[in-house]
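See structure below.
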Amino acid sequence: MDFARVELSAEDQVFLDETRAFIATHVTDEVRRRDRQTGENFDEQVHLALGGAGYLAADWRSESDGGFSPVRRRIFQLEIARAHTPWYHWGTTSVVARLVQQFGAPRLCEEVLPGVLSGEIRLCLGYTEPEGGSDVATCKTRAVRDGSAWIINGAKMFTSNAQNARYVFLLTNTDPRGSKHKNLTMFLVPLDSAGVEIRPLRTVDGDRTNIVYYSDVRVDDRYRIGEVNAGWTVMRSALDAEHGTGEREDHGLQDVATMAGHGVLMAEAVDTVAAIASQPDRDGRRRLDDASVKHRLGRSFARVEAALSTPTMFGRVAIGQTMRDISPDLMDILGAAAALPTDTEGSADDGVTDYLFRLALPTGIYGGTLEVFRNMIAQHALGLGRPRYG
């Protein structure tokens, strides 16, 4: 791996300056404050502005198809992260849009893809069920053929950003008597369909997700993605992207670890606590002069650097576990005032550490628990056998 500094061409430097100015104009303090209040990790006006300026299309397309070069893609991603842009919805939308392009009917592609690239259409994931846990293949949501349409009944948990999406990429069971993984079919269901009910769920870290109920939802067959009972093949590409197990380009400019964005938030929190600990109090004493504080901060820095430098889904586990391990130390270093959230008078660090502490739990759950990923690493990367429980 080459850690050399990338020298920008004059054109790429102009792109960096223009992108930074664009993001500064649209991702304002008010946008970030509103995002903290809603916990949606999405801002429609920012998203539409990015679409209108062509950033979404350039990020989605390959360089040969008129998209970003690897350097410009990296610049764009870094500037988006630096500004704390409410952004996670685009990752889901772009992955599903690729599957629509690959497996969907031409008419459906014409209906969906232009709006995705303009920012007007967003897509969300309907996988997990109330009693299903991480094993989404145990899907109980039923889709029954009715002429040229399908009737869908069931419920999905943790459908994040459904309230801001036009369609849901929905996993259904189309053959209850069929064998596991061979009885599933994917649909792109319009969320304004009769029988769809979206109810908000607030997570421990303050974010909003949803439970979505499907009651006799009628969907035309043209919204089917892929062949009947071949949904696992369609879905596997999305899971690979989410898990960080897909093929990686060899230019070396992408994030090393999956979920590196969460790792950057963690690094910022450690930096914040270190800066506060180095400041003297009214008696001239610094927290950093305490050997225990110095040890725990040093250990936190080392753990964060190691996690961010750990590749792919190995890095996902490292980031999730590190966040769980160091956030209590950071809270303890700052004291009781660290428990006060953002925009609260008397907060030790404007809620940075409090948010990290609360974020640590769901980071190790959504998209698959840390235990699930450890099993995946053991079986698929290390060649070990399947775990035996009991």
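The values are calculated or read from the model by the stated rules, or taken from the named source; none is laboratory data. These numbers were taken from a predicted model, which means no experiment stands behind them. We place every Cβ from the backbone using ideal geometry, glycine too, and count neighbours over all the protein chains shown. All accessible areas refer to the heavy atoms of the entire protein, side chains included, with ligands and DNA or RNA removed. Shrake-Rupley method; radii C 1.70, N 1.55, O 1.52, S 1.80 Å.
With bins 10 Å wide starting at 0, give me the P(r) of the chain over every alpha carbon pair, in whole percents.
Going from the shortest bin to the longest, the percentages are 5, 20, 30, 27, 14, 4, 1, 0.
For the chain, report the accessible area per residue in Å² (1.4 Å probe, heavy atoms, rounded to an integer).
Roughly 50 Å² per residue, with all protein chains present.
Under a Cβ-only charge scheme (Lys and Arg +1, Asp and Glu -1), can you give me the dipole magnitude of segment 277-385 about the Cα centre, in debye to the nearest 20?
Once rounded to the nearest 20, the dipole reads 440 debye.
Filter the trypsin sites (Lys or Arg not before Pro) in segment 89-193 to those in DSSP coil with at most 12 other Cβ atoms within 10 Å of their Cβ, and list the result.
Those satisfying the criteria are Arg177, Lys180.
Pulled fully out, how much extra length does the chain show between Ala302 and Arg236, if you take 0.36 nm times their separation in residues and subtract their Cα-Cα distance?
In short, 20.3 nm is gained.
Rounded to the nearest Å, what's the spacing between the alpha carbon centres of segment 352-390 and segment 115-192? Just the number, please.
24 Å
Share of the chain's accessible area from carbon and sulfur, percent, 1.4 Å?
Here it works out to 51 percent.
Apply the Karplus parameterisation 6.51 cos²θ - 1.76 cosθ + 1.60, with θ equal to phi minus 60°, to every residue of segment 262-277 and state each ³J(HN,Hα) to the nearest whole Hz, in sequence, with x for glycine and proline.
5, x, 5, 4, 5, 5, 5, 5, 4, 4, 4, 5, 4, 5, 5, 5
Please give the charge dipole size of segment 78-198, origin at the Cα centre, charges +1 on K and R Cβ atoms and -1 on D and E Cβ atoms. Round to the nearest 20 debye.
Result for segment 78-198 is approximately 320 debye, rounded to the nearest 20.
Return the loop-located trypsin sites (Lys or Arg not before Pro) in segment 346-390 (DSSP other than H, G, I, E, B) with at most 13 other Cβ atoms within 10 Å of their own Cβ; answer none if there are none.
Listed in order of number, the matching sites are Arg388.
Counting each DSSP H run of 4 or more residues in the chain as -39500 (n - 2.57), what helix-only mean residue ellipticity at 222 nm follows after dividing by all residues, to the nearest 500 deg cm²/dmol?
The helix-only estimate for the chain comes to -14500 deg cm²/dmol at 222 nm.
Taking Lys140 as the anchor, which lysines have their alpha carbon closer than 16 Å to its alpha carbon, excluding any fewer than eight residues away along the same chain?
Lys156, Lys180, Lys182
Looking at the chain, which longest stretch skips every one of the GluC sites (Glu not before Pro) that is in a DSSP loop with at most 11 other Cβ atoms within 10 Å, leaving the sites themselves out?
8-130
Can you give me the P(r) profile for segment 234-361? Cα pairs, bins 5 angstrom wide beginning at 0, each as a whole percent.
Once binned at 5 Å, the Cα pair distances of segment 234-361 give 2, 11, 19, 19, 16, 12, 9, 6, 4, 2, 1, 0, 0.
Connecting C-alpha atoms closer than 10 Å in a GNM of the chain, tell me which of Ala269, Ala302, Ala277 has the biggest fluctuation.
Ala302
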